Amino acid sequence: MTGFPTVPGLECRLDDETLQLAAQVVAAAAAAGLTLATAESLTGGLLGAAITSVPGASVIYRGGLITYATDLKHSLGGVDAEILAFDGAVSAPAVEALAAGAARVCGADVGLGLTGVAGPGEQEGHPAGTVFLGWYAGESGRQRLRLGGDRAEIRRTAVTSALRRVLDIMKVPPGIA
């Protein structure tokens, strides 16, 4: 066997826009003296990969949690079992807790969380393209996204959305002196 087989439409590569945003995030975090951590579900580490593709990212990126399975959102990400039972893994409360859990577990100033449905089917009654983005920087926040495209495009757009959000957070980081 000379290589791994590929399935058309399922590969997910980082495009130029994503890489440029990641470079801006690394530069902005370094200039602000902030560190970042991630907790990812539907993106499976793609956000962390985008950040660490930038030379010098080790100065600002503490690490990430890949919590693809629901039980790992609780045991690694710190999402309360009641949130998972009542709101679900694909929810605003879950993603806020993931972001705060990433910051806490990795010892970072800023935590980012992503959970959602990349598709093609639905999960917990949510259609493909439903994504929750959460952040923690002393205070928590969350945003629901409705993304279009195939599985790869949904994952890529979730990552670029998270990178844009962290740039916004670092301009005026809430709760960080």
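The values are calculated or read from the model by the stated rules, or taken from the named source; none is laboratory data. From a predicted model like this one, the values you see are computed outputs, not experimental measurements. Here the Cβ is made from the backbone with ideal geometry for all residues, glycine too, and neighbour counts use every protein chain on show.
At-a-glance table
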{"quantity": "Selection from segment 138-149 of residues that are at pLDDT 95 or above and either among the aliphatic types (A, V, I, L, M) or assigned to a loop (DSSP other than H, G, I, E, B) (or both)", "calculated": "LEU145, LEU147, GLY148, GLY149"}
{"quantity": "Members of segment 109-137 found to be closer than 16 Å to THR67 by Cβ and in a loop (DSSP other than H, G, I, E, B), listed by number", "calculated": "VAL117, ALA118, GLU124"}
{"quantity": "Unmet requirement for ALA99, which otherwise passes all of (1) among the hydrophobic types (A, V, I, L, M, F, W, C); (2) touching a helix residue (DSSP H, G or I) at 6+ places or on another chain (Cβ under 8 Å); (3) at pLDDT 95 or above", "calculated": "(2)"}
{"quantity": "Residues of segment 12-52 that turn out to be part of a loop (DSSP other than H, G, I, E, B), over 21 Å from SER140 (Cα atoms), modelled with pLDDT of 95 or more and in contact with a Ser or Thr (Cβ under 8 Å, 6 or more places away or on another chain), as a count", "calculated": "0"}
{"quantity": "Count of residues meeting criterion [outside any helix (DSSP H, G or I) and under 15 Å from the mean Cα position of the chain (by Cα)] in segment 80-92", "calculated": "3"}
{"quantity": "Pair list, Cβ < 7 Å and 6+ apart or interchain, from segment 59-86 residues that are farther than 17 Å from LEU112 by Cβ to residues that are of a type in the set (S, T, N, Q) and buried (at least 16 other Cβ atoms within 10 Å of the Cβ)", "calculated": "LEU84/THR70"}
{"quantity": "Condition met for VAL105 (hydrophobic (A, V, I, L, M, F, W, C), in contact with a strand residue (DSSP E or B) (Cβ under 9 Å, 6 or more places away or on another chain), surrounded by 14 or more Cβ atoms within 10 Å (Cβ to Cβ) and closer than 18 Å to VAL159 by Cα)", "calculated": "no"}
{"quantity": "Selection from segment 116-165 of residues that are within 16 Å of THR18 (Cβ to Cβ), buried (at least 16 other Cβ atoms within 10 Å of the Cβ) and without any contact (Cβ under 8 Å) to a residue 60 or more places away in the chain", "calculated": "LEU133, LEU145, LEU147, GLU153, THR157, SER161, ARG165"}
{"quantity": "Residue within segment 63-74 that is crowded, with 19+ Cβ neighbours inside 10 Å and within 16 Å of LEU167 (Cα to Cα) present", "calculated": "no"}
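Residue-wise test of (1) more than 14 Å from LEU47 (Cα to Cα); (2) in contact with a Phe, Trp or Tyr (Cβ under 9 Å, 6 or more places away or on another chain).
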position	(1), (2)
ILE66	no, no
ALA89	yes, no
PRO120	yes, no
GLY129	yes, no
GLY134	no, no
GLN143	yes, yes
ARG164	no, no
